[in-house]
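The values are calculated or read from the model by the stated rules, or taken from the named source; none is laboratory data. No experiment lies behind these values; they were computed from the predicted model shown. Using ideal geometry, Cβ is built from the backbone for each residue, glycine included, and neighbour counts are taken over all protein chains shown.
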Amino acid sequence: MSTSVKSVLNESLSKIQDPKTGLYGIVYTSNDKVVLDCTYNEINSVASTCCLFMIKKGNQYGFTDKRGRVVIDCVHDGYKLLSPELIEIQKNNLLGVVDQEGDLIYDCCFQSIKPFAFNGDNFFVCKENNLLGCINNEGRLIIDCAYDEIEPLESNFLKVKKGKFYGCTNHKGKMIVQPIYLELQVVPGNSLIKVRNDKQAYGCYDFYGNEIIATNNKSLDDTICIQSYNEKFNIANTNAGNLAELE
């Protein structure tokens with residue numbers, strides 16, 4: 001087949017264009033053996049950090065792997081790079097996720113996918129049926145889409161809200177404090193999480209989810225601290241004195 005200019009895609013593949021139709025295909029660079037016939041409107045690398053190639057047929061997008069094999073058919077309305085590891089795909093105004101090997105992690109089921117930096121990594125708040133969840137940088141849904149709000153909290157926690165109540169998870173999505181409190185915050189400088197319930201009573205959890213101070217105090221200020229004496233530990237507060245003794 002007579003072709004126009006051949007452009008290199010990677011160490012073994014090149015893109016070619018049929019001069020009669022103007023459509024693109026893929027051949028082996030070394031011997032011009034056809035890998036993909038010239039039936040695509042566009043073929044391009046997704047990104048320098050990604051092994052996939054974008055293929056476009058009409059107005060629909062798909063992907064091939066680094067060997068030129070189609071791994072995602074041209075059935076999507078658009079795509080964009082979420083991170084070096086993940087690609088967002090779009091179909092019928094819904095979004096899905098593909099990894100850099102071309103594996104479909106989530107079909108198009110999300111209304112939105114919004115990135116945020118947390119704990120030194122990329123995370124993504126996703127919305128499904130008007131509720132929020134969280135995907136980590138490996139594409140795993142670590143928090144189910146069941147919350148009205150999700151936001152980063154101090155000390156590598158994620159604050160979640162369901163209705164009017166707050167809780168928190170760690171950076172792996174494990175629930176540390178159930179969403180049953182009207183107020184939740186990390187105590188500055190301490191490994192404690194202060195909460196307030198709907199009866200206006202305060203308490204504290206440690207970073208493992210243990211209730212250190214029962215939620216029955218009228219007030220807890222931010223001077224809560226851990227004191228040690230003779231290898232025993234007390235949690236103290238300027239308003240309430242010694243609140244709990246830990247072995």
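Let's see how each residue does on (1) among the polar types (S, T, N, Q); (2) surrounded by 15 or more Cβ atoms within 10 Å (Cβ to Cβ); (3) touching an Asp or Glu at 6+ places or on another chain (Cβ under 9 Å); (4) outside any loop (DSSP other than H, G, I, E, B):
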site: I150; (1), (2), (3), (4): no, yes, no, yes
site: Y166; (1), (2), (3), (4): no, yes, yes, yes
site: Q185; (1), (2), (3), (4): yes, yes, yes, yes
site: G203; (1), (2), (3), (4): no, yes, yes, yes
site: I212; (1), (2), (3), (4): no, yes, yes, yes
site: S219; (1), (2), (3), (4): yes, no, no, no
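Sort out which residues of region 129-169 are among the aliphatic types (A, V, I, L, M) and within 22 Å of N93 (Cα to Cα), and write them in order of number.
As a first pass, look at region 129-169 and keep what is among the aliphatic types (A, V, I, L, M): 131-132, 135, 141-143, 146, 150, 153, 158, 160.
Result: L131, L132, I135, L141, A146.
Scan region 108-136 for residues that are of a type outside the set (A, V, I, L, M, F, W, C), at pLDDT 90 or above and under 28 Å from D73 (Cβ atoms) and report the count.
9
I want to confirm something. Restricting to region 79-115 and keeping residues that are over 22 Å from N130 (Cβ atoms) and either of a type in the set (G, A, S) or without any contact (Cβ under 8 Å) to a residue 12 or more places away in the chain (or both), which single residue is surrounded by the fewest Cβ atoms within 10 Å (Cβ to Cβ)?
Per the stated criteria, the residue is K80.
Got a sec? Which of K57, K33 is of a type in the set (D, E, K, R) and free of Cβ contacts under 8 Å to residues at least 12 places away in the same chain?
K33
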